[in-house]
Structure formats: C-alpha cells, structure tokens
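Encoded as structure tokens, the structure appears first; notes follow it.
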Amino acid sequence: DSIWSEEKRYRVPAPWDPYVEGTMEVIAHDSGLNYLGDTPRLSTKMKVRLRGNSSIGLDKHQYLIKTIDETGDEHDTDVLRMGADSEWVLNISVLDKSLLRNYVALNTAGSIMPYTPDVRYCEVLMREGAEYEYLGVYLMMENVKRGDHRVGINRYDKHDAVVSYLLRRDRYDETAVLLDTFGRETSRTPGFLEVRSPNKSQITDEHLAQITKEVDAMERALFADNPEEYYRYRDYLDQRSFVDYFIVNEFFGNYDAGINSTYFYKLKGGLLCAGPVWDFDQCMDNYSYHGANTASTAMHDAPWFRQLLRDRTFVDAVVKRYHQLRRS
C-alpha cells in the first residue's frame, strides 16, 4: 500500500491512495501490424500504481492495474483473451535484459501446473493529452489471486466451518495478515508467510486460527526428528504439486523460489498445494547474488523443500516425474 514517486522515490505513506485513475486501451489485431490510430479492441477505465519490492526502485517500472467501471468500482475485464478479472500486472524487469525469462518459464509451467498466470507480450505507451511516451516492451500478466480465471479456490464465506485459502511466502509486509506458526516461531523458515485470500477485510479470527492451526501442524511434522511423526506431513501436503513446483523452479535455476514470491493454496477439504509459480526474472544464471551452481540444486535449501527431501518417496517422485516430463 505504498508507492515511490517518479522523481525522488520517496515512500508515500500507506494511508494515502497510491492509485492514479486513467484509461487503458488495448490495440491488438489477430494478424498484421498495430497502429496507434486503430480502433482499440478494449477500452476501459482503470486505476494504476507502481508495484514490486526490490524492482520498484529500478528505472523501468512495473504496474498494477485495476479495471473499473464509470462509478469507480472494480470491474472484471477480459484483457488479451486471458479471462475476465479486475486485476492485471504490467510486468517486466530490467534485471533480465533478454525480457524472456518470465515468458518462457510461465508458459512451460503452465503446461503442467494449474493456475499458472497467463502472460502476453505487449508494447506500452503512456498518453497525456495528445503526447505519447513510449515505455517499452512489457508482459501483460494475470495477477495471483482467487478468481474464476485465477486460482480456483472456493469463494470465501465467513459462515463456513472451514475455508480454502491462498498463502504467500515473501518479505515482511506490515499490512499483511501474517501467520505465527511453528516454522516462524522457531526460526526454521526465513521470510514471512501471509494469507492472501481471504483478504484482511474479510477473514474472521476463527478462520485465521483454522489456517494457522493447519499450517502449524504440517510444519511440526515436517521438522520432526521422530520418523513416525515426520511422515505425518503427507496428511497435509499434496505431493504432486510440490514435486512439479520443485522441478519447474529447479529446471530454470530459480534461486528465489521457495523463499520469496512463493504461493500455496488449499481447496476446501483438500491438501495444501504448491503454486502458482511466480517471478523468474533472476532464473537461468541471472541471480544477482551469485552465479548458477550447476554442480548442485537450487531448491534444496528452500523452506519446507529441504525437509521434503528427507523423504525418499518424495525424492523418487521428483526423479520419476522429471523423466516423464523429459519425454515431451
């Protein structure tokens, strides 16, 4: 809930509204070239703000867009045939000079993992009056959230006995609903685990306690020394999703995965699943802190995954699934 100013990059205090209203027009022909004078395929009112953590201070900014109606209320809009929703991300990172990493990785992951965000290349121009400023090549992307065309967890109902939910492991956010679970309390997991859905304005104390209890029980099993207690983690985690998440991020050498920008979701009555995947701008030997170590794995030290690798069944499942995927 904060933004950097363009000139001096001051933080805008959280109580301030970081959004600016405007209009978004999408010109996209099925074939041939696009011209500024063409009739837009889509024209909608919007609110837009800067987005990102470390990337927010870089020269080429990323944006979060919310499409709105004439009254200013959020309005679901189908952008570039990715399914109707009100939140969209204009994503790009100058850390990835190729502009390819997120596009390639997300399209690869999307062939094997549900709810992977759709992504489309586009060129972005900012118009003020009759003047245009060319901002460059971007990726228009789905945001990770609950929705009919996003993560398909159940719609929140405060009257339900148990709820489905979407979690994210990332940096500290003072505005987030953070979980106090065994991993955090004992410093076994770095970073912070937050509840993304239900959101802060919806979630009841009872449902927050339910989510905390489930994640806490899973972590106590996962970090247990006693084998009988350890293998109880299987009662909480969906192995297939964690295997696929491991393989996709390992294949692309994504050292940030499992630590930041890492999502988990749980359907009502189901097990906790890993995903959707997100943020590959520093993968494929593009990590700013050190080069790719091809003699070792990238994911073995990620929270929860190091513990999963204690289980030979999980390791065998990774090997089997990898060889299955390599056939196509």
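The values are calculated or read from the model by the stated rules, or taken from the named source; none is laboratory data. Everything quoted here is computed from the prediction, not taken from an experiment. Cβ sites come from the backbone with ideal geometry, for glycine too, and all protein chains shown count toward neighbours. Note: accessible area is taken over every heavy atom of the protein model, side chains too, but ligands, DNA and RNA are not part of it. Shrake-Rupley method; radii C 1.70, N 1.55, O 1.52, S 1.80 Å.
For the chain, compute the orientation-averaged projected area of the C-alpha convex hull (one quarter of its surface), in nm².
19.3
Only sites in a loop by DSSP and with at most 12 other Cβ atoms within 10 Å count here; which chymotrypsin sites (Phe, Trp or Tyr not before Pro) in the stretch 213-306 make the cut?
Those that pass, being in a loop and sparsely packed, are Tyr289.
How much of the accessible area of the stretch 187-230, in percent, comes from carbon and sulfur atoms when a 1.4 Å probe is used?
That fraction is 45 percent.
Taking the chain as a Gaussian network, where each spring joins two C-alpha atoms under 10 Å apart, which residue of Ala161, Ala302, Ala317 fluctuates the most?
Sorting by GNM fluctuation, first place goes to Ala161.
Please build a GNM for the chain, connecting alpha carbons under 10 Å apart, and tell me which residue among Leu125, Leu193, Leu237 fluctuates the most.
Leu125
Using alpha carbons only, how many degrees (0 to 90, rounded to 10) separate the axis of helix 239-251 from the longest principal axis of the chain?
Rounded to the nearest ten degrees, it is 60.
Where in the stretch 164-263 are there GluC sites (Glu not before Pro) that are in a DSSP coil and have at most 12 other Cβ atoms within 10 angstrom of their Cβ? Working shown, then result.
Values: sites: Glu174, Glu185, Glu194, Glu206, Glu214, Glu219, Glu228, Glu229, Glu250; in loops: Glu174.
Answer by residue number: Glu174.
Using a Gaussian network model of the chain whose springs link C-alpha atoms within less than 10 Å, name the residue from Arg127, Arg196, Arg306 with the highest mean-square fluctuation.
Among Arg127, Arg196, Arg306, the largest mean-square fluctuation in the Gaussian network model of the chain belongs to Arg127.
Using θ = phi - 60° and the Karplus form 6.51 cos²θ - 1.76 cosθ + 1.60, what ³J(HN,Hα) does each residue of the stretch 218-223 get, whole Hz, x for Gly and Pro?
Result, rounded to whole Hz: 4, 5, 4, 6, 4, 9.
Determine ³J(HN,Hα), in whole Hz, for all residues of the stretch 302-318 in sequence, where each value follows from phi through the Karplus function 6.51 cos²θ - 1.76 cosθ + 1.60 and θ = phi - 60°; x replaces Gly and Pro.
These are the phi-based 3J(HN,Hα) values: 5, x, 6, 6, 4, 6, 4, 6, 6, 8, 4, 4, 5, 4, 4, 5, 4 Hz.
Considering only the other residues whose Cβ falls under 11 Å of the Cβ of Ala302, what net charge follows from Lys and Arg at +1 and Asp and Glu at -1?
Once all neighbours under 11 Å are counted, the net charge is -1.
Please work out the average accessible area per residue across the stretch 176-328, using the 1.4 Å probe convention, and give it in Å².
Each residue of the stretch 176-328 exposes 49 Å² on average to a 1.4 Å probe.
At Arg312 and Tyr19, where each label point lies 7 Å from the Cα along Cα→Cβ, what is the point-to-point distance in nanometres?
So the label points at Arg312 and Tyr19 sit 5.5 nm apart.
How far apart, in nm, are two points set 7 Å out from the Cα along the Cα-to-Cβ line at Ile112 and at Asp285?
Between Ile112 and Asp285, the label points sit 2.2 nm apart.
Please compute the length gained on full extension between Asp157 and Ser296, using 0.36 nm multiplied by the number of residues separating them and subtracting their Cα-Cα distance.
45.6 nm
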